[in-house]
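The numbers here are math on the coordinates, done by the rules we state, and not lab data. In this text the structure is predicted, and so the values were computed from the model without any measurement. Using ideal geometry, Cβ is built from the backbone for each residue, glycine included, and neighbour counts are taken over all protein chains shown.
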Amino acid sequence: MRANFYGLLARVLAKPMDEETLATMRGLADHDDGTPLGEAIASFGKLCVRTPRGKAEEEFTELFYGVGAGGEISPYASLYLTGLVYDKPLAALRTDMARLGIAAMENTGEPEDHIASLCEIMHGLLTGGLGGDAGRAEAKAFFDKHLAPWAGQMFKDLEGAQSAALYMPVGTIGRLFMEIEREAYEMAA
């Protein structure tokens, strides 16, 4: 289930949602299980039902790319942690990716420390699709080093972004999930 959360976050944050992704997310409208995370998932699904693809794309662009100087939210670990793009956190990530045998995806146009890329890597580590047999054991170290220091804040910023309507519950989902992950890893230690 944890891998599925990472997969969902990666899918909706990698690029503007296409019709297939929106259709999948619309299926979450009835998910509410009475928990804050379940409520956020259901809210996101309901917003997807009411949001046409063009509007979703506009919001994504405004949030993450903006007009001219950039979007309202920066989805990069390096920028969050150091204030600079392509800085030491990205170099450390690339070193860990090479050690785990994980290659950067070609033709993305984004540095590997983009939140969607990090979520995709966590998904692969948890499912065993990346890192082989060591993947699950590596997941905690990867989370602690590459997501825990900043992702919760980025999701909180997304949750409160002025331009966020459809993506506001994505921020809530991400923030709550990062809190759950942190607590689960602390209990396991």
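Estimated from helices alone, the mean residue ellipticity of the chain at 222 nm is -20000 deg cm²/dmol (sum of -39500 (n - 2.57) over DSSP H runs with n ≥ 4, per residue). Each of Thr61 and Ala92 was given a label point 7 Å from its Cα along the Cα-to-Cβ line. The distance between the two points is 3.6 nm. Between Met1 and His31, the distance separating the two model label sites (each 7 Å from Cα on the Cα→Cβ line) works out to 1.2 nm. Distance distribution P(r), the range 2-188, all Cα-Cα pairs, bin width 10 angstrom from 0: 10, 37, 37, 15, 1 percent. About its Cα centre, the chain has a charge dipole of approximately 140 debye under the convention of +1 per Lys or Arg Cβ and -1 per Asp or Glu Cβ, with nothing else charged.
Hey, which of these cross-link pairs are over 31 Å Cα-Cα: Lys55/Lys145; Lys55/Lys88; Lys88/Lys140; Lys46/Lys88; Lys15/Lys145? Too far apart for the 31 Å limit: Lys55/Lys145; Lys55/Lys88; Lys46/Lys88.
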